[in-house]
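What follows is one structure encoded as structure tokens, with my remarks underneath.
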Amino acid sequence: MAYYGIATNLVTYLTKKLHEGTVTSSNNVTNWGGTVWMTPILGAYIADAYLGRYWTFIFGSVIYLMGMSLLTLAVSVPSLRPPSCDPAIKEEECDKRASALQIGIFYLALYIIAAGTGGTKPNISTMGADQFDDFEPKERAQKLSFFNWWMLGIVFGTLFATTVLIYIQDNVGWALGYGLPTLGLALSVLVFLVGTPFYRHKAPSGSPLTTMAQVLVASIRKRKLPVPSDTKELYELSHEQYAELKKFPIDHSISLRFLDKAAVKIDSSSPWMLCPVTRVEETKQMVKMLPILALTFIPSMIFTQVLTLFVKQGETLNLHTGPHFQIPPACLTAFVTIFMIIGIPIYDRFLVPAVRRYTKNPRGITLLQRMGIGIVFHVITMVAACLAEKWRLTVARENGIYGQSQTVPLTIFILLPQYALMGVAETFVEVAKLEFFYDQAPEGIKSLGASYYTSSLGIGNFLSSIILQAVSRITEEHGHKSWVLDNLNISHLDYYYAFLAVLTFLNFLVFLVVAKLFVYNDE
């Protein structure tokens, strides 16, 4: 709730209170979002190598709370919040500007929050999955549904953020709008602490990044050595040694054979020259997921449109849903959440059992098949957004509406299909991504696997900033009008959405090939 309570309506605050333009505000949202989702790589490293998931989550939560508290102060204390114009003056015509100190404190708070999420996001979901014992058939079966219900819990919090919190922020005040998620975060951490005696805790198993680097370096150093035809001749620890380490050995696989050179026996015992087969296999499992990870960047980028351009698009439309009520533009994000709330239980309780009868797969379909279906829905979503924007521009021109502050005589609910389709897409893509990167990561470095998921979202956010900035600049060359201007009534956002649809479709074609070649780990 805390993250989406900020992210969903942040572009509104940046444009209406800090008076940033469409491209600048959108990029600042996605740059912050990218940082939020990239810091978990460091958090996962600290958890796996030093502190464990529990303590990394606790320390991350404290930092998160500090950032949320500072953000609440930044919009509450008169000397820290931006000055406001008279209510009769439109925000875009307000000539009062925030000071450098006020802007600095606001962004400092945002990036403290980003640092805190580095400790929370990669560890809380994996710690939840750790509560299931893979060697107990009943718990193993329950774990198959865990990530569906985990995501469902997240979307319920998101629903509150995208309805109640956004309404409060737009109509009551930003102080209360940010204060409530701060309080909610504090209460959730307290509830987590109460459950401490009942958790299964897994001790840190060493730095996974270091061990992966050792395998890669050893393979390169021994690149000229032949790999023995009998894999039993490769270096490996005994079962007794693994029992002492409380780890399970991993059998040799035929994929990524070059890395096997790291286990070719030589006189040196340095871990940078000689690695056991299990360590090599752990590295293989992480490396072979990288092509899939790369192909999730564009789907992650597509979702960021919900928090940026979709909101700006909605601001130009008729927001009235009755004679006395206006819906905040960012509130339509709730329909993404609603369709996920509907879609996840239907998928888990009805679709999976029905498909399972034919595929014999416990999940119904594979995780990559589920991801691929979601990417197809992303393409459809951007086509729907393009058509809605084309309709909006047509009506605007028919009515002679070209001013930035003028409202196009169309209800904001013409955008509902693109939000609903995004909810369906995320039901397939996001749950599958989270489970895939956790499930296919080696047992001892699950947090790093979870950080693949968060880095997918992070790079997707940064990619959105890069592409939006590039398209804006390229399309205004040679005296042409940019596709994305501060005034959307004279922009061509429909062209930009069409471009994203084509880009996503091309990404899907490559995804099909890579997914077909991917070899899952043995269950």
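Descriptive notes on the structure:
- The set of residues in region 8-41 being under 17 Å from the mean Cα position of the chain (by Cα) and either farther than 18 Å from Asn461 by Cα or not in a helix (DSSP H, G or I) (or both) consists of Thr39 alone.
- Selected residue [within 27 Å of Tyr4 (Cβ to Cβ) and touching a Lys or Arg at 6+ places or on another chain (Cβ under 7 Å)] from Thr333, Thr296: Thr296
- Some residue of region 391-402 being of a type in the set (Gly, Ala, Ser) and without any contact (Cβ under 8 Å) to a residue 12 or more places away in the chain: yes
- For Pro83, the requirement of being modelled with pLDDT under 80, over 30 Å from Gly343 (Cα atoms), more than 21 Å from the chain's Cα centre (by Cα) and surrounded by fewer than 17 Cβ atoms within 10 Å (Cβ to Cβ) is met.
- Restricting Leu245, Leu293, Leu309 to residues that are at pLDDT below 95, within 28 Å of the chain's Cα centre (by Cα) and either exposed (fewer than 15 other Cβ atoms within 10 Å of the Cβ) or under 30 Å from Phe499 (Cβ atoms) (or both) narrows the list to Leu309.
- Summed over region 457-492, the residues that are over 24 Å from the mean Cα position of the chain (by Cα) and part of a helix (DSSP H, G or I) give a count of 9.
- Condition met for Arg349 (of a type in the set (Lys, Arg), within 26 Å of Leu159 (Cβ to Cβ) and modelled with pLDDT of 90 or more): no
- Screening Ala213 on (1) modelled with pLDDT of 90 or more; (2) among the small types (Gly, Ala, Ser); (3) in contact with an Asp or Glu (Cβ under 9 Å, 6 or more places away or on another chain) shows it passes everything except condition (3).
- When Thr337, Thr278 are checked against the criterion of being under 30 Å from Ser25 (Cα atoms) and of a type in the set (Ser, Thr, Tyr), a single residue qualifies: Thr337.
Yes/no matrix, rows are residues, columns are (1) in the same structural domain as Glu315 (by TED's automatic domain parsing); (2) at pLDDT 95 or above; (3) closer than 24 Å to Pro291 by Cα; (4) among the hydroxyl-bearing types (Ser, Thr, Tyr):
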position	(1), (2), (3), (4)
Arg363	yes, no, yes, no
Met371	yes, yes, yes, no
Gly400	yes, no, no, no
Ser405	yes, no, no, yes
Leu415	yes, yes, no, no
Gln418	yes, yes, no, no
Glu426	yes, no, yes, no
Val431	yes, no, yes, no
Leu434	yes, no, yes, no
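- Residue-level check: of (1) in contact (Cβ under 8 Å) with a residue 24 or more places away in the chain; (2) surrounded by fewer than 20 Cβ atoms within 10 Å (Cβ to Cβ); (3) in the same structural domain as Glu315 (by TED's automatic domain parsing), Leu176 misses just (1).
- The set of residues in region 315-341 being within 22 Å of Gln404 (Cα to Cα) and touching a helix residue (DSSP H, G or I) at 6+ places or on another chain (Cβ under 6 Å) consists of Glu315, Thr316, Leu317, Leu319, Pro328, Pro329, Ala330, Cys331, Leu332.
- Of all residues in region 328-337, exactly one satisfies the criterion of being modelled with pLDDT of 90 or more and either farther than 23 Å from Trp32 by Cα or more than 23 Å from the chain's Cα centre (by Cα) (or both), namely Phe335.
- Thr162, sole failed condition from (1) free of Cβ contacts under 8 Å to residues at least 60 places away in the same chain; (2) crowded, with 21+ Cβ neighbours inside 10 Å; (3) not aliphatic (A, V, I, L, M): (1)
- In region 193-235, of all residues being under 28 Å from Thr126 (Cβ atoms) and among the aromatic types (Phe, Trp, Tyr), the one that is surrounded by the most Cβ atoms within 10 Å (Cβ to Cβ) corresponds to Tyr199.
- None of Ala109, Ala129 is more than 17 Å from Gly177 (Cα to Cα) and either at pLDDT 80 or above or in a helix (DSSP H, G or I) (or both) except Ala129.
- Condition check for Pro328: under 28 Å from Leu512 (Cβ atoms), in the same structural domain as Thr427 (by TED's automatic domain parsing) and not small (Gly, Ala, Ser): no
For (1) without any contact (Cβ under 8 Å) to a residue 60 or more places away in the chain; (2) more than 22 Å from Ser456 (Cα to Cα); (3) of a type in the set (Asp, Glu), each residue gets a yes or a no:
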position: Met289; (1), (2), (3): no, no, no
position: Thr304; (1), (2), (3): no, no, no
position: Leu309; (1), (2), (3): no, no, no
position: Lys312; (1), (2), (3): no, yes, no
position: Pro328; (1), (2), (3): no, yes, no
position: Leu332; (1), (2), (3): no, yes, no
position: Val336; (1), (2), (3): no, no, no
position: Pro353; (1), (2), (3): yes, yes, no
position: Asn361; (1), (2), (3): yes, yes, no
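The values are calculated or read from the model by the stated rules, or taken from the named source; none is laboratory data. Because the structure is a prediction, the values reported are computed rather than measured. All Cβ positions, even for glycine, are placed from backbone atoms using ideal geometry, and neighbour counts span all protein chains on display.
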